[in-house]
Amino acid sequence: MSNQRPQRQFDLIAFDWDGTLFDSTQIIVNCIKDAVRDVGGAIPSDEQAAYVIGLALGPALAHAAPDVPPEKYPELSKRYSHYYVTRRDDLVLFDGVLPMLSELRSQSYKIAVATGKSRIGLNDALQTAELKDVFHASRTADETAGKPDPKMLFELMEEFRVLPSRTLMIGDTSHDLLMAQRAGCASIGVSYGAHTGESLELFKPLTVVHSVKQLHQWIKENG
């Protein structure tokens, strides 16, 4: 019996950031709730605040605080940024992320970040996590388009000359998986972030995993 590994399915693997690689979901939820409270809006539930994670910051806050008037959006964003910065030191990578990324890179996958964060926010997070030189490329909502618009995936595929059929998007929200669908890419949902496994299944990912360990194993066996 042959022990040869099956032929690789993918050449480019794009990861969402918050809730997929970075254990930041609850901190972001708390920052959203505190910011909305500060500007006098009705404080969203944890579920309502978690739903908008992955979207660009402006649309995310507007969706989480529908009763806040548009003229207060700049202040809402400022309050969110204030709370996020004060809690930045509490943010950590999920267990297993570093060895997974290291192995993928050593096997010549192109690995990238496709995130709803701003470029400044992502660069700061990469620096904090000491991942600045790990990824081959990244795209953020403010330099392309916010999820679920597929523009950031199209740009990454064009940069590496990779077809949609050879591209895998991994994320913890429905926004990530819908973006992958619109780009014609395969996807994997991770249930340990912002959205439930049941909600992710609606977008027909290849699988939904419940830990970084399971994600790493799936890529080893199927990627």
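Values as computed for the structure displayed
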quantity: Cα→Cβ-extended label distance, 7 Å offset, between Q7 and R182, nm; calculated: 3.2
quantity: Helix-derived mean residue ellipticity, 222 nm - over the chain, DSSP H n ≥ 4, -39500 (n - 2.57), to 500; calculated: -13000 deg cm²/dmol
quantity: Relative contact order (%) - criterion: Cα under 8 Å, at least six apart; region: the range 10-146; calculated: 31
quantity: Listed peptides 171-180, 27-36 by packing density, highest first (mean Cβ within 10 Å); calculated: 171-180, 27-36
quantity: Which listed pairs, of K72/K132; K132/K204; K33/K213; K132/K220; K132/K213; K151/K204, have C-alpha distances above 29 Å, in listed order; calculated: K72/K132; K132/K204; K33/K213
quantity: Among 113-122, 213-222, the order from most to least packed when residues are scored by Cβ within 10 Å on average; calculated: 113-122, 213-222
quantity: Karplus-derived HN-Hα couplings along the range 209-223 (A = 6.51, B = -1.76, C = 1.60, θ = phi - 60°), whole Hz, x at Gly and Pro; calculated: 10, 10, 6, 5, 4, 5, 4, 4, 5, 4, 5, 4, 8, 10, x
quantity: Contour minus Cα-Cα distance for D38 and K204 (0.36 nm per residue); calculated: 55.9 nm
quantity: Among beta bridges that DSSP assigns inside the chain, antiparallel share in %, nearest 5; calculated: 10
quantity: Share of alpha-carbon pairs per 5 Å distance bin for the chain, given as whole %; calculated: 1, 7, 15, 19, 20, 16, 10, 6, 3, 1, 0, 0, 0, 0
quantity: Projected area, mean over directions - the range 37-111, Cα convex hull, nm²; calculated: 6.7
quantity: Dipole magnitude (debye, nearest 20) for the chain, charges at Cβ of Lys, Arg, Asp, Glu; calculated: 560
quantity: Contact order normalised by residue count of the range 25-89, Cα under 8 Å, 6+ apart, percent; calculated: 40
quantity: Rg(Cα) / (2.2 N^0.38 Å) computed for the range 105-223, rounded to two decimals; calculated: 1.01
quantity: T86-H63 pseudo-label distance in nm [points 7 Å out on the Cα-to-Cβ vector]; calculated: 2.6
quantity: Net lengthening on full extension, D95/T128 (0.36 nm per residue, minus Cα-Cα); calculated: 10.3 nm
quantity: Simple spin-label estimate for F160 and Q217 in nanometres, 7 Å along Cα-Cβ; calculated: 2.5
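Quick note: the coordinates plus some simple rules give every number you see, no bench work behind them. All values derive from a computational prediction rather than experimental measurement. Cβ sites come from the backbone with ideal geometry, for glycine too, and all protein chains shown count toward neighbours.
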